[in-house]
1. Does any residue of segment 36-43 turn out to be surrounded by 15 or more Cβ atoms within 10 Å (Cβ to Cβ), touching a residue at least 60 places away in the same chain (Cβ under 8 Å), among the β-branched types (Val, Ile, Thr) and closer than 25 Å to residue 162 by Cβ?
2. Within segment 96-109, is even one residue free of Cβ contacts under 8 Å to residues at least 40 places away in the same chain and in contact with a helix residue (DSSP H, G or I) (Cβ under 6 Å, 6 or more places away or on another chain)?
3. Out of 100, 69, I need the residue that is of a type in the set (A, V, I, L, M), over 11 Å from the mean Cα position of the chain (by Cα) and either under 26 Å from residue 138 (Cβ atoms) or modelled with pLDDT of 95 or more (or both). Which one?
4. Please specify each residue of segment 120-171 satisfying the condition of being over 14 Å from the mean Cα position of the chain (by Cα), within 23 Å of residue 85 (Cα to Cα) and surrounded by fewer than 14 Cβ atoms within 10 Å (Cβ to Cβ).
5. For residue 76, all conditions in the list (1) surrounded by fewer than 18 Cβ atoms within 10 Å (Cβ to Cβ); (2) in contact with a strand residue (DSSP E or B) (Cβ under 7 Å, 6 or more places away or on another chain); (3) not acidic (Asp, Glu) hold save one; what is the number of the exception?
6. May I ask you to verify whether residue 86 is out of contact with any helix residue (DSSP H, G or I) (no Cβ under 9 Å at 6 or more places or on another chain) and under 19 Å from residue 35 (Cα atoms)?
7. Among (1) closer than 17 Å to residue 146 by Cα; (2) out of contact with any Lys or Arg (no Cβ under 6 Å at 6 or more places or on another chain); (3) β-branched (Val, Ile, Thr); (4) modelled with pLDDT of 95 or more, there is one condition residue 76 misses while meeting the rest; what is its number?
8. Name the residue that is farthest from residue 144 (Cα to Cα), counting only residues in segment 110-127 that are modelled with pLDDT of 75 or more and touching a helix residue (DSSP H, G or I) at 6+ places or on another chain (Cβ under 9 Å).
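The values are calculated or read from the model by the stated rules, or taken from the named source; none is laboratory data. Just so we're clear, the structure is a prediction, and the values are computed from it rather than from any experiment. Reconstructed Cβ throughout: ideal geometry from the backbone, glycine too, with neighbour counts over all protein chains shown.
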Amino acid sequence: MIPDKIFVVGFIGSRTRDIAQVLAERVDRPHFDTDQVVEASARMSLAELFRNEGESGYRQRERRAVVSVSTGPPAIISTGHRTFIDRGNRRTMQQFGVAVFVDSTLEECLKDALEHGLLRIDDPNNERFSTLYEAQRPEYESADVIVEPMGRDPEAVADEIMQRLEDRVWSEKLT
């Protein structure tokens, strides 16, 4: 049995949104992305939101978005890259569903972030990116399920998530 809520979490560049969309199609459930939920509720882009309300305003809206999708209908939810780092968000996700950490390597994250223009101009050697990656790993490793993409496409990662969730259900039934 598939959990009502599956939260796909990971560091920036882990392709959580792509993986969650494939997973949603596979289980015939809606896909919500917390960043998109925040943008819709704020009626502005994330860039505008950060400019107008700062990071603290964004994080408050993000917490409300996590509660909203957690208490809504069964769904697959992708999150912003720091959403799971917040202890309250993490508790909410694990209370209402299963958190799946897409454990991409630093190199995979850097490659994707570079391709999508997500690296900071003031961090030319990616030292800040690397430091954040290492600092946030312990929080992500507290997820219920951990998958390593190892360069695979979102479809293959979604297949592994489905298998891991099925294995988890069977192991719980046997204990």
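1. First pass over segment 36-43, keeping only residues surrounded by 15 or more Cβ atoms within 10 Å (Cβ to Cβ): 36-39, 42.
Narrowing the set further to residues that are touching a residue at least 60 places away in the same chain (Cβ under 8 Å) leaves none.
Within segment 36-43, not a single residue is surrounded by 15 or more Cβ atoms within 10 Å (Cβ to Cβ), touching a residue at least 60 places away in the same chain (Cβ under 8 Å), among the β-branched types (Val, Ile, Thr) and closer than 25 Å to residue 162 by Cβ.
2. yes
3. Numbers: 100 fails: over 11 Å from the mean Cα position of the chain (by Cα).
After applying the criteria, what remains is 69.
4. 120, 123, 127, 128, 131, 134, 135, 138, 150
5. (1) is the only condition that residue 76 fails.
6. On the way: out of contact with any helix residue (DSSP H, G or I) (no Cβ under 9 Å at 6 or more places or on another chain): no; under 19 Å from residue 35 (Cα atoms): yes.
No; evaluated as a whole, the condition is false for this residue.
7. (2)
8. Per the stated criteria, the residue is 126.
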